[in-house]
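Engineer: First the structure, then my questions, so here it is.
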Amino acid sequence: MNRIFDEEKGGRVLAFGAHPDDLEVGAGGLLARLVEEGAQVTMAVVSVPNRAEERTREAHRGAKLIGAQLFIVYEEKQCRVEDIPMHELVRRFDHLVDEVKPDLVITHSAHDLHWDHGLVNRATVSALRRTPCDLLAYLSSPEMNAQSRSLGQCFADVSSTIERKIDAISAHASQLSNLDLESSRDLARAMGRISGYAYAEAYEALRVRI
Ligand SMILES: [Zn+2]
């Protein structure tokens with residue numbers, strides 16, 4: 001397993017998810033690992049589309065299990081991402097990028113089949129137009145994205161954090177009927193088989209500085 005950031009300095013990571021639970025499902029293992037390696041991780045959830053109070057509480061619990069700071073981009077109102085004008089979404093992402101000054105940003109893939117997830121990808125890429133940082137993209141739901149063209153060209157070893165990832169997904173109790181914990185574990189095992197780890201998450205490398 002390679003370290004992602006320098007041991008002394010750590011690193012700053014900003015991760016975007018359209019809704020509560022997307023980041024846990026798509027990137028929870030890597031985010032927990034980055035925390036373990038000393039990075040400061042901010043999980044930015046764009047909107048809470050329904051059951052605001054309960055789902056916000058679950059999002060806090062999920063982020064806490066990962067060891068990340070949670071930031072809800074549209075905390076003031078319950079809305080869907082597609083209801084937010086793109087320029088306004090980009091402006092809010094701009095502020096967050098200015099504040100966090102990330103070394104690495106993780107966001108939804110443009111190949112994600114959920115419309116809101118694709119919009120978050122566009123807004124992220126746009127907000128990073130002047131920021132030199134690495135950028136990885138994830139697919140958030142293994143079942144929903146089984147037909148997507150993207151599988152990823154970059155694999156993160158999450159063997160040490162797979163249990164924390166599953167716990168963080170389980171924090172979203174109100175969504176458990178939609179979330180398949182075994183699928184998440186199976187997918188991590190399959191990605192590990194491809195990459196030579198016990199468990200892995202697949203990413204698209206949109207921008208990587210070597
Ligand atoms: Zn979502």
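Engineer: How big, in percent, is the set of alpha carbon pairs in region 1-72 lying more than 18 Å apart?
Structural biologist: Numbers: 886 of 2556 pairs.
Pairs farther apart than 18 Å: 35 percent.
Engineer: Also: Using the Kyte-Doolittle scale, which helices in the chain average at least -0.5 and also have C-alpha atoms spread 15 Å or more along the helix axis, with helices defined as whole DSSP H runs?
Structural biologist: Details: long enough: 22-36 (20 Å, 0.73); 52-66 (21 Å, -1.23); 86-100 (21 Å, -0.30); 115-127 (18 Å, -0.13); 181-195 (21 Å, -0.38).
Span-like helices here: 22-36, 86-100, 115-127, 181-195.
Engineer: Springs between alpha-carbon atoms under 10 Å, Gaussian network over the chain: tell me which of V100, V48, V120 tops the mean-square fluctuations.
Structural biologist: V100
Engineer: Out of V105, S177, P20, whose Cα points farthest toward the positive end of the dipole of the chain (charges: +1 Lys, Arg; -1 Asp, Glu; placed on Cβ)?
Structural biologist: V105
Engineer: Further question on the same structure: Largest first, please: the extent of the C-alpha atoms of region 152-210 along each principal axis, to the nearest Å.
Structural biologist: Projected onto its principal axes, the Cα set of region 152-210 covers 40, 23, 17 Å.
Engineer: Only Cα pairs under 8 Å and at least 6 apart count here; give the relative contact order of the chain as a rounded whole percent. Could you put the intermediate results ahead of the total?
Structural biologist: On the way: 403 pairs, mean separation 53.4, N = 210.
It comes to 25 percent, rounded to a whole number.
Engineer: Turning to a different aspect of this structure: Among 60-69, 78-87, what's the highest-first ranking by average C-beta atoms within 10 angstrom per residue? Write out the running numbers ahead of the final one.
Structural biologist: On the way: 60-69: 20.4, 78-87: 14.0.
Descending packing order for the listed peptides: 60-69, 78-87.
Engineer: Continuing with this model, one more query. Suppose we keep just the DSSP beta bridges with both residues in the chain; what percent of those would be antiparallel, to 5? Spell out each step's value before the answer.
Structural biologist: Numbers: 7 of 25 bridges.
About 30 percent, rounded to the nearest 5.
Engineer: Now for a separate question. In straight Cα distance, which lysines are under 29 Å from K9, not counting same-chain residues fewer than 8 positions off?
Structural biologist: K64, K101, K165
Engineer: How large are Rg and Dmax for the chain when calculated on the C-alpha trace, in angstrom?
Structural biologist: Calculated on Cα positions, Rg and Dmax stand at 15.5, 44 Å.
Read-outs throughout are calculated quantities, based only on the coordinates presented, and are distinct from any laboratory measurement. What you are looking at is a predicted structure, and each value in this text was computed from that prediction instead of being measured. Positions of Cβ are generated from backbone atoms using ideal geometry, with glycine treated the same way; all protein chains shown enter the neighbour counts.
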